[in-house]
1. Does the range 175-185 contain any residue that is surrounded by fewer than 21 Cβ atoms within 10 Å (Cβ to Cβ), more than 22 Å from the chain's Cα centre (by Cα) and modelled with pLDDT under 95?
2. Sort through Val278, Val304, Val289, Val272 and tell me the only one that's β-branched (Val, Ile, Thr) and farther than 29 Å from Asp173 by Cα.
3. Could you list all residues from the range 34-53 that are out of contact with any helix residue (DSSP H, G or I) (no Cβ under 8 Å at 6 or more places or on another chain) and among the small types (Gly, Ala, Ser)?
4. Which one of Ser165, Ser170, Ser204 is surrounded by fewer than 19 Cβ atoms within 10 Å (Cβ to Cβ) and among the polar types (S, T, N, Q)?
5. Every residue in the range 131-173 that is without any contact (Cβ under 8 Å) to a residue 40 or more places away in the chain and of a type in the set (A, V, I, L, M, F, W, C), please.
6. Among the residues of the range 123-137, is any closer than 21 Å to Lys89 by Cα and either outside the structural domain of Pro80 (by TED's automatic domain parsing) or within 21 Å of the chain's Cα centre (by Cα) (or both)?
7. In the range 135-181, what count of residues is obtained for those that are touching a Gly at 6+ places or on another chain (Cβ under 8 Å) and under 28 Å from Leu356 (Cα atoms)?
Amino acid sequence: MHIPDNAPTPISTRVERFETIVIGAGQAGLAAGYFLSQADADFVLLDAGAEVGEQWRKRWDSLRLTTPAAFAGLPGMPFPAPPDHLPDKDEVADYLSRYADRFDLPVRLRTRVSALRWNGTRYRIETGTVTYEADNVIVASGAFHAPSIPALAARLSPDILQLHSNHYRSPFDLPDGPVLVVGAGSAGAHIALELARFQEVHLSGRAPGFLPRRLLGRDIYAWLWPLAERLTMDTVLGRRWRDAWPADPLVGISEARLAGAGVTRHERLSDVHDGRPVLGGTPRDIRTVVWATGSTPDLSWLHVPGAVLGNYPRMTRGVAVESPGLYFVGLRYQFRRTSSLLGGVGADAAHVVGHLLRR
């Protein structure tokens, strides 16, 4: 067969096999990697980033954890800061990088997974030029990847800059003029407070509740964390707490503090008129809209039949219901209210890896 001189060079696909592959080297993946390493398992972690902690470095410049350092450590390595310190995003990124180095976790960076499939014998993970096969797969790709933006965003005038809070970095990146932050949860409230130092800010959305930063001389999490660890999703009280508080209450940011900073509060944004958002029944001249409306997991690349329903995996405590050898770590409310938090993923990772090793 004659091959023309200008034919594209074929890309050879190399196949590598491991007993276990962890998809994602963020906090959840690293926690799973720790327990696999302690068991001397044959495994590798795949991550699309150029460095461990990259996703944290991409968050907005002034971001700090809501939970103090005392409750922000992964298994085997406490967060290196005073207990009440609120780590900033770069401190978290540095910590994750040091964690991977300290336990010599086998992380392969710049490895984006395009598909996960079951080939009848093993799980097959496609990454471009390398295909991986494994008996077990732990999906730890994150709980907050796909921005949730209301449909009415499409009705806003094209002269209004729109961005999701995932892509917000600094007040200095926004044009002059009034800003509307949609979503009054933790991200929205923090961004609104920051922006109010420089320009007119409107904040819309139902208040999720308020908790003081300190109670009886202690950080509020000293009281809340033990409770959140005990009220699991397999208990009636745990499920009631989840249903009564679907969004985390604001810690240290009261309505009075928002008003004092000059933030104008509104109810939920529900309409657009002539391209302008309607707030309090009146169309407003807004220059920028920041959608702080949350995110969901992105599992569009997961092609294992029966593993996902909608955009959430079919699993119990991280163990896939119909797909033996498939696991999940780091999802919101996976088993505890703390399951998606830096200091909470360890308990779920321990359970998942324990189940995997007993197969």
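1. No, because not a single residue in the range 175-185 is surrounded by fewer than 21 Cβ atoms within 10 Å (Cβ to Cβ), more than 22 Å from the chain's Cα centre (by Cα) and modelled with pLDDT under 95.
2. Selected residue: Val304, the only one of Val278, Val304, Val289, Val272 that is β-branched (Val, Ile, Thr) and farther than 29 Å from Asp173 by Cα.
3. Matches in the range 34-53: Ser37, Ala48, Ala50.
4. Ser170
5. If the condition is that a residue be without any contact (Cβ under 8 Å) to a residue 40 or more places away in the chain and of a type in the set (A, V, I, L, M, F, W, C), then Ala151, Ala154, Phe172 are the ones that fit.
6. Looking for residues that are closer than 21 Å to Lys89 by Cα and either outside the structural domain of Pro80 (by TED's automatic domain parsing) or within 21 Å of the chain's Cα centre (by Cα) (or both), one finds none in the range 123-137, hence no.
7. 10
Here is a yes/no grid of residues against (1) in contact with an Asp or Glu (Cβ under 9 Å, 6 or more places away or on another chain); (2) farther than 23 Å from Gly280 by Cβ; (3) not assigned by TED's automatic domain parsing to the domain that holds Ala48:
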| position | (1), (2), (3) |
| --- | --- |
| Ser157 | yes, no, yes |
| Val181 | no, no, yes |
| Ala189 | no, no, yes |
| Leu193 | no, no, yes |
| Arg213 | yes, yes, yes |
| Leu216 | no, yes, yes |
| Leu227 | no, yes, yes |
| Ala256 | no, no, yes |
| Ala259 | no, no, yes |
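The values are calculated or read from the model by the stated rules, or taken from the named source; none is laboratory data. The model shown is predicted, which means the values in this text are computed figures rather than measured ones. A quick note on method: Cβ atoms are made from the backbone with ideal geometry, for glycine too, and the neighbour counts reach across all protein chains shown.
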